Amino acid sequence: MLEIMQKNVGKVTLNYSPNFDLKKRHFKNIKYLIFHYTGMKSDKSAINKLTNANSKVSCHYYIDLKGNPIRLVPDLYVAWHAGKSFWKTDKSLNKNSIGIEISNSGHQYGYKNFNNKQIKSLLKISKYLIKKYKIKKNNILGHSDVAPTRKKDPGEKFPWKFLAKKNIGVWHKLKSNECKKNRNKKISEDDTVFFNKLKKFGYKIEGLDKKGQKKLIKNFQRRFRPELVNGKIDLECFEILNSLI
């Protein structure tokens, strides 16, 4: 299996993590691809955490700062990367997903752009996994999509628009000038209309207080309107969401 992957992706280093479910899953159970950033200061500290039994966290693939892919957990085992998570009618997405961690210091340690070597590596791995497990575009998500009240990664600097052009994930159909003219304009509908549309798209909206709702809006913006992440619903966000659903 690894030989086939390396033929498509290139050299993949093995550094197995003990943090996974022992029971093997069927390949048909894999329906999501979830992207993360490490949120740690270095590759060494991130790898140490992901392979430390006490940390209780892992992922299937890790992309270091030089763009080198590392396999930590084989695909058919459940890695512990998504935690308490939801998308549409699914919850606890670890059991249905493959998690890819990309080395980045994250919001806590001076969030940086993902470099070209990392994105090139991510493209190869993602295309391979999408084809192998027949993963749908709408099921390619960020950690902040499936756990919006807890997580911000992969964040507003993650190149979702670029990836969507390569058939990895989705992007809205609005032109940049359309977006800009609607930015900061109030919507005529009640906010509940926007949240119901978020639910239709896939986000979990139940049980959110005002603080949780703002976090959800910010994470929607991080993904689809990264130019302004303010947690406020405006006409630009509303039209972007309409385009997506």
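No lab work stands behind these numbers, since they all come straight from the coordinates. If you're wondering where the values come from, they're calculated on a predicted model, not measured in any experiment. All Cβ positions, even for glycine, are placed from backbone atoms using ideal geometry, and neighbour counts span all protein chains on display.
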If each of residue 77 and residue 243 carries a label point 7 Å out from its Cα toward its Cβ, how far apart are those two points in nm? 4.2
Return the distance in nm (one decimal) between the two label points of a simple spin-label model at residue 180 and residue 27, each offset 7 Å from Cα along Cα→Cβ. 4.7
Could you point to the residue in 34, 149, 18 farthest towards the positive end of the chain's charge dipole, with +1 and -1 charges on the Cβ of Lys/Arg and Asp/Glu respectively? 34
So how strong a dipole does the stretch 112-195 carry about its Cα centre when Lys and Arg Cβ are +1 and Asp and Glu Cβ are -1, to the nearest 20 debye? 680
Need one number: % antiparallel among DSSP beta bridges in the chain, to the nearest 5. 35
Just the Cα atoms of the chain: what Rg and Dmax do they give in Å? 17.8, 56
Listed residue (6, 47, 110) projecting farthest to the positive dipole end of the chain, Cβ model: 6
Residue by residue, what Karplus-based ³J(HN,Hα) values in Hz, rounded to whole numbers, does the stretch 108-124 have, using 6.51, -1.76 and 1.60 with θ = phi - 60° and x for Gly and Pro? 6, 10, x, 3, 10, 5, 6, 8, 4, 5, 5, 5, 4, 5, 4, 4, 5
Can you tell me, using C-alpha contacts under 8 Å and at least 6 residues apart, the relative contact order of the stretch 1-142 as a whole percent? 34
Quickly estimate the mean residue ellipticity at 222 nm for the chain, helices only: each DSSP H run with n ≥ 4 gives -39500 (n - 2.57), and the total goes over all residues, rounded to 500. -10500 deg cm²/dmol
Each label point is 7 Å from the Cα along the Cα-to-Cβ direction; what then is the distance between the points at residue 15 and residue 120, in nm? 2.0
Taking Cα pairs under 8 Å and at least six residues apart, what relative contact order does the chain come out at, in percent? 20
Taking GluC sites (Glu not before Pro) as candidate sites, keep only those in a DSSP loop with at most 16 other Cβ atoms within 10 Å, then name the longest stretch of the chain containing none of them. 1-188
What percent does the relative contact order of the stretch 126-216 come to when contacts are Cα pairs within less than 8 Å and at least six residues apart? 26
Which trypsin sites (Lys or Arg not before Pro) from the stretch 158-245 combine a DSSP loop assignment with at most 15 other Cβ atoms within 10 Å? 166, 173, 175, 183, 185, 186, 232
